[in-house]
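These notes are about the structure you will find just below.
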Amino acid sequence: MVTKKNKSIAIIGAGIAGLTAGALLCKKGYDVSIFEKQSTLGGRALALNGSNLTIDEYKKALASNNCFVPFSTPDLQTIFEKKLFDNYYLDLGYHAIGGGVLSNLNDVLSEFNESIEFLESYVGLIHSNHYDFPFLSKIDKLKILPNILRLLFASEHTLQKLDSISITETINRYGKGKMKHILEVFSRTITTVNNLDRISTGEMFRAQRNLYRGSKPVGYPIGGLGSIHEKLAEIIESHGGSIHLDANVEKILIENGRVKGIEHNGKKQFFETVVYSGLLQHLFRIADESKFPEPYVEMMKSLTGTGSLCAYYSLNDVPDDIIGKTFHFIERDCGVDGNDAVGMIDFMSASSDSKIAPNGKFLVQSYLICTPSEAKDKKTLEKLKNILDLNLSYLISDYKKSLNWAIYPSVWHLDGVAKTIDNKKPQIQTPIENFYVIGDGVKAMGIGFNCSLNSSRKLVDEYL
Ligand SMILES: Cc1cc2nc3c(=O)[nH]c(=O)nc-3n(C[C@H](O)[C@H](O)[C@H](O)COP(=O)(O)OP(=O)(O)OC[C@H]3O[C@@H](n4cnc5c(N)ncnc54)[C@H](O)[C@@H]3O)c2cc1C
């Protein structure tokens, strides 16, 4: 156990990365203070209580997280006037958590004798006139097993060699039949990137390998994402840590190559260690770049994220055979970066066990991958919206008859940093002494939520 007085830590950001790091560091005996500029916990994995939400709060939450709603049925004004979101718990957009992290999150929580209950699903594939569920039959698995196993259980040394090999090249080498389909669909959903030339084979198999740890491939927390943040916040506060909301950090104080603390509300506060979990591309808005080596600054500024068009459909009816299941789909030749686009439609959220929709209503969440610039382009978004609607209609042909409302949030910072060949992911340790970065943009296992959580675990296990 460290001596508290010597180990004061400021964590910037109360998303999943900041909260996980906060809980683990409190347990190690550090004196943890978390500063969050929003009035809510959760960052991009934000949970919104539709009953209390105003249209202005909703738009503000979207804008603060690089999202907007280009389409909705009816229009947003009417949705709020008619209180159509009452008794729904919404996220900013589609969220399902990659399987491996369910055990990772519960690994963290189990250290505090806590856990979160998840709904879990295998993943099916949508066709225009039927669906396969799960996507891979037992016979398929036996046929492709040798190749999959070779890649999944390759040594870290081999994976490092595969880091610079694109999935396009891997498909050319191994991709026949279903194996081709797995490589082109799974690699896209795992990375939220459609362009197979940009996806790294090494990264894809590291993430894929993590999915085989202990749970089904995707999960959704009962009660919504908010249940995760609330639990972590309770742990932090009951272990002596503090979380300050509406607390924008204006400056990271650095002197002689060492972090000294932060500035908040114009006041300097001194800490032994500072951890930043905001978007890496925004770090130099609050840290003086002249204190960092030039190549590091250039690398951080050059990082690009990923985008998506999401959709939430509230329906009065969903066929029993698809409730609780999650599906992939692939749309060919649709002219986006990578030409084919992959998306998912999830009915775990439509299960009454998810507890995120009022009785008798079914919330269906879906998303379609695009680039950050496509996520801002109305013409592309219209095309993507039609693809989302079309694939839902393949599963529920008359869904429009039972539609209460639909919203289509577009996001251009889904993943902080795309795990692609051309993006160099920074390490957790920075060139500044006692200053660390965590979140979904750093070099840690997995993508999105997974990467954020794993980066915090890595920070605590390897650096502090
Ligand atoms: C619409 C959408 C859908 C997604 N779907 C999925 C999915 O299905 N599966 C998945 O794994 N991932 C998904 N993601 C990604 C996932 O939500 C993120 O990877 C994860 O939530 C990032 O957590 P984080 O803690 O690293 O960063 P963030 O959640 O971004 O948290 C950083 C926090 O730092 C705060 N902050 C920044 N600067 C300052 C400052 N100067 N002072 C104080 N506070 C500051 C921010 O306000 C923020 O709350 C999705 C993201 C979005 C937006």
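Scanning the stretch 417-464 for residues that are within 15 Å of the ligand (Cβ to nearest atom) and part of a strand (DSSP E or B) gives PHE435, TYR436, VAL437.
Within the option set PRO426, PRO431, being out of contact with any strand residue (DSSP E or B) (no Cβ under 8 Å at 6 or more places or on another chain) and not charged (D, E, K, R) holds for one residue only, PRO431. Please work out if VAL442 is more than 16 Å from ALA311 (Cβ to Cβ) and in contact (Cβ under 8 Å) with a residue 60 or more places away in the chain. So VAL442 passes the test. Counting only strands (runs of 3 or more DSSP E) wholly contained in the stretch 288-399, the ones carrying 2 or more residues that are open to solvent by less than 10 Å² (accessible area, probe 1.4 Å) and touching a His at 6+ places or on another chain (Cβ under 8 Å) occupy 339-346. Name the residues in the stretch 21-40 that are within 8 Å of the ligand (Cβ to nearest atom) and either part of a helix (DSSP H, G or I) or open to solvent by less than 50 Å² (accessible area, probe 1.4 Å) (or both), would you? Hits for the stretch 21-40 are PHE35, GLU36, GLN38. The C-beta contact set for the stretch 62-79 (first residue without any contact (Cβ under 8 Å) to a residue 60 or more places away in the chain, second residue not in a strand (DSSP E or B), distance under 9 angstrom, 6+ apart or interchain) comprises SER64/LYS37; SER64/GLN38; SER64/LEU46; GLN77/ILE55; THR78/LEU84.
Within the stretch 260-280, count every residue that is more than 29 Å from the chain's Cα centre (by Cα), assigned to a strand (DSSP E or B) and of a type in the set (S, T, N, Q). Residues in the stretch 260-280 being more than 29 Å from the chain's Cα centre (by Cα), assigned to a strand (DSSP E or B) and of a type in the set (S, T, N, Q): 1 in total.
Kindly indicate whether ASP86 is assigned to a loop (DSSP other than H, G, I, E, B) and either surrounded by fewer than 18 Cβ atoms within 10 Å (Cβ to Cβ) or on the phi > 0 side of the Ramachandran plot (or both). Considered against the rule, which asks whether it is assigned to a loop (DSSP other than H, G, I, E, B) and either surrounded by fewer than 18 Cβ atoms within 10 Å (Cβ to Cβ) or on the phi > 0 side of the Ramachandran plot (or both), ASP86 comes out as yes. For LEU62, the conditions (1) surrounded by fewer than 24 Cβ atoms within 10 Å (Cβ to Cβ); (2) modelled with pLDDT of 95 or more; (3) away from the ligand (no atom under 11 Å from the Cβ) are fulfilled apart from (3). State yes or no: is LEU414 closer than 27 Å to GLU120 by Cβ, aliphatic (A, V, I, L, M) and out of contact with any Gly (no Cβ under 8 Å at 6 or more places or on another chain)? Against the criterion (closer than 27 Å to GLU120 by Cβ, aliphatic (A, V, I, L, M) and out of contact with any Gly (no Cβ under 8 Å at 6 or more places or on another chain)), LEU414 does not qualify.
The values are calculated or read from the model by the stated rules, or taken from the named source; none is laboratory data. Here the structure is a predicted model, which means the values were calculated and not measured. All Cβ positions, even for glycine, are placed from backbone atoms using ideal geometry, and neighbour counts span all protein chains on display. These area figures cover heavy atoms from the full protein model, side chains too; ligands, DNA and RNA do not enter into them. Shrake-Rupley method; radii C 1.70, N 1.55, O 1.52, S 1.80 Å.
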